[in-house]
Amino acid sequence: MKVIRNYLYNAGYQILNMLIPLITVPYISRVLGAHNVGINEYTNSWVSFFYLIGQMGITLYGNREVAYHRDDLYERSRTFWGVESLQVMTIGLALIAYLSAVFLFSTTFKYYFLMQTLWIVATGLDVSWYFMGLENFKVTVARNALVKLASVILIFTFVKTNADLGLYILILGGAQVAGNLTLWPYLRGNLIWVNVREWHPFKHFYPSLLLFIPTITTQVYLVLNRLMLGHMSTQAALGNFGQSDKIVKFVLAIVTATGTVMLPHVANKFAKGDIEGVRNSLYASFDFVSSISIPMMFGLMAIAYKFAPWFLGSDFVPSGQIMFLESPIIVLIAWSNVTGTQYLMPVNRVKEYTTSVTIGAVSNVFFNLFLIVLWGANGAALATVGSEFLVTASQMFMIRKTIKRRVMFREVWKYFLSGLVMFIVVSRICQVIQMTIANLILEVALGVIIYGLGLILLKAKILNKAIDIVKESRK
């Protein structure tokens, strides 16, 4: 039950991070327009490189190391102080490098590039990895909720015209800083002070660097679409891609919340030598994410064309097709999240994980060079799907000797068949009725019912697991 509760907490945390921009997206899309939205996407993509370099692999490494030493207060505390001091140093260097680059090389959008600096500062203050390592996800959700909601109020209060782009960037970056600061008071009582001489921050550098390589490689091809699209196409096309990508990633966040929860859980099992427990956790997690990611993919595809212009505004009609084309990554990333983040990383098979995401990054550049030229933002969406497919396929190949893939995929066909039937019915209904809030709720409810009935008729085992969890929670 602890894992289930942590999943719900972390799902809430991930949804909250995505929900705030999603709530403001319809308003911002109309107030700022596709061109200004594209400027924010472009400048934020560049700052992302610098704070990711500064952060190295500390989020994953710190999470895993705290999980390893969870039961030893002194070692846990020493790990925290060492890792956090390393993070402050590397982020400080990243901040200096970013500001130098802005002043030396930036001529266009310099004002907005400087405002994005807050994201680097926020990264240096981030200690969420410590609480994730303890499998204490409640605190991260509770403290960040108020800050995120405050940012929504500020956006609706002060961002009124397309001249307020700078203010919008400041609010988003400031909220990130404030949210990370609010976690620090909770360290009291969870840590003890360790003499600075015992921190040894640089002993964490090399293992963090090993995890940094797959982390930065993953982020490179996630950000690369925006950078290449912004360079090879128009800011309006980038704005359409960015907004549709936010919606897809919002749906995806619900699924991938299992990754952050399961990493410390599996790492702790691995540290205790419970290899069978690691495998069973993997099988259960893969079945769970398949059962929810597949209907989410089909559901989003069914409503994409009408939902985009209704939700984002008339400037974003092209976002509907982009959203439709990009939706398959919901399933692909859900699967690679299980095999990569939940298995290869916690059992210290970092080299194989790095290889898989490197394949994704290289293929993404290759796909973008051809597909963006041919189809613009639609090409960027297809490039994303193609690269994520290769990442997932390579990880499936890598685990073939230690994990029974037949067991993993045993129930998947039931989810695809039920989801496909749901897609056919909902997409047809979406074509003949107008998009309104009431009709959207109707379509979602109908999709859930059809998918649920499909699982019942096909006797999917996930239903029995859900019933067992409900019974256990009532005890």
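Tabulated data for the structure shown
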| item | result |
| --- | --- |
| Number of positions in segment 140-161 that are under 18 Å from Gln116 (Cα atoms) and not in a helix (DSSP H, G or I) | 1 |
| Residue check, Leu32 under 21 Å from the mean Cα position of the chain (by Cα) and either hydroxyl-bearing (Ser, Thr, Tyr) or over 20 Å from Val196 (Cα atoms) (or both) | no |
| Output for segment 187-212, where each listed residue is in a helix (DSSP H, G or I), in contact with a helix residue (DSSP H, G or I) (Cβ under 6 Å, 6 or more places away or on another chain) and either more than 30 Å from Tyr353 (Cβ to Cβ) or not assigned by TED's automatic domain parsing to the domain that holds Leu154 (or both) | Glu198 |
| Restricting segment 161-211 to residues that are among the polar types (S, T, N, Q) and in contact with a Phe, Trp or Tyr (Cβ under 8 Å, 6 or more places away or on another chain), the residue that is nearest to Asn40 (Cα to Cα) | Gln176 |
| Residue count, segment 87-140 (criterion: touching a strand residue (DSSP E or B) at 6+ places or on another chain (Cβ under 9 Å) and surrounded by fewer than 16 Cβ atoms within 10 Å (Cβ to Cβ)) | 0 |
| Positions within segment 322-347 being more than 30 Å from Glu65 (Cα to Cα), among the hydrophobic types (A, V, I, L, M, F, W, C) and buried (at least 24 other Cβ atoms within 10 Å of the Cβ), in sequence order | Ile322, Met323 |
| Which numbered condition Lys148 misses (of (1) of a type in the set (Lys, Arg); (2) closer than 30 Å to Tyr68 by Cα; (3) at pLDDT 75 or above) | (2) |
| Pairs, first without any contact (Cβ under 8 Å) to a residue 12 or more places away in the chain in segment 161-179, second aromatic (Phe, Trp, Tyr), C-beta under 7 Å, six or more apart | Leu167/Phe158 |
| Selection from segment 375-410 of residues that are among the charged types (D, E, K, R) and either outside the structural domain of Leu325 (by TED's automatic domain parsing) or surrounded by fewer than 19 Cβ atoms within 10 Å (Cβ to Cβ) (or both) | Arg400, Lys401, Lys404, Arg405, Arg406, Arg410 |
| Which listed residue, of Thr384, Thr355, Thr436, is farther than 30 Å from Leu312 by Cα and polar (S, T, N, Q) | Thr355 |
| Residue in segment 353-374 that is nearest to Tyr343 (Cα to Cα), counting only those that are among the aromatic types (Phe, Trp, Tyr) and surrounded by fewer than 18 Cβ atoms within 10 Å (Cβ to Cβ) | Phe366 |
| Filter result for Asp164 (among the charged types (D, E, K, R), assigned to a loop (DSSP other than H, G, I, E, B), modelled with pLDDT of 80 or more and at negative phi) | no |
| Residue in segment 417-427 that is aliphatic (A, V, I, L, M), part of a loop (DSSP other than H, G, I, E, B) and either surrounded by fewer than 13 Cβ atoms within 10 Å (Cβ to Cβ) or not assigned by TED's automatic domain parsing to the domain that holds Ile294 (or both) present | no |
| Test: residue in segment 299-321 that is surrounded by fewer than 20 Cβ atoms within 10 Å (Cβ to Cβ) and either assigned by TED's automatic domain parsing to the domain that holds Gly447 or outside any helix (DSSP H, G or I) (or both) | yes |
| Qualifying positions in segment 439-458 - of a type outside the set (Val, Ile, Thr), under 24 Å from Ser314 (Cβ atoms) and within 27 Å of the chain's Cα centre (by Cα) | Leu440, Glu443 |
| Residue match in segment 56-64 (condition: of a type in the set (Lys, Arg) and more than 17 Å from Val194 (Cα to Cα)) | yes |
| Any hit, segment 248-258, residues being touching an Asp or Glu at 6+ places or on another chain (Cβ under 9 Å) and modelled with pLDDT of 70 or more | yes |
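Per-residue answers, yes or no, for (1) without any contact (Cβ under 8 Å) to a residue 60 or more places away in the chain; (2) touching a helix residue (DSSP H, G or I) at 6+ places or on another chain (Cβ under 8 Å):
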residue	(1), (2)
Ala284	no, yes
Ser290	no, yes
Ala302	no, yes
Ser314	yes, no
Val331	yes, yes
Ser336	yes, yes
Thr341	no, yes
Thr358	no, yes
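The values are calculated or read from the model by the stated rules, or taken from the named source; none is laboratory data. Note that the structure is a prediction, hence the values are computed from the model and not measured. In this analysis, Cβ positions are derived from the backbone assuming ideal geometry, glycine residues included, and neighbour counts consider all displayed protein chains.
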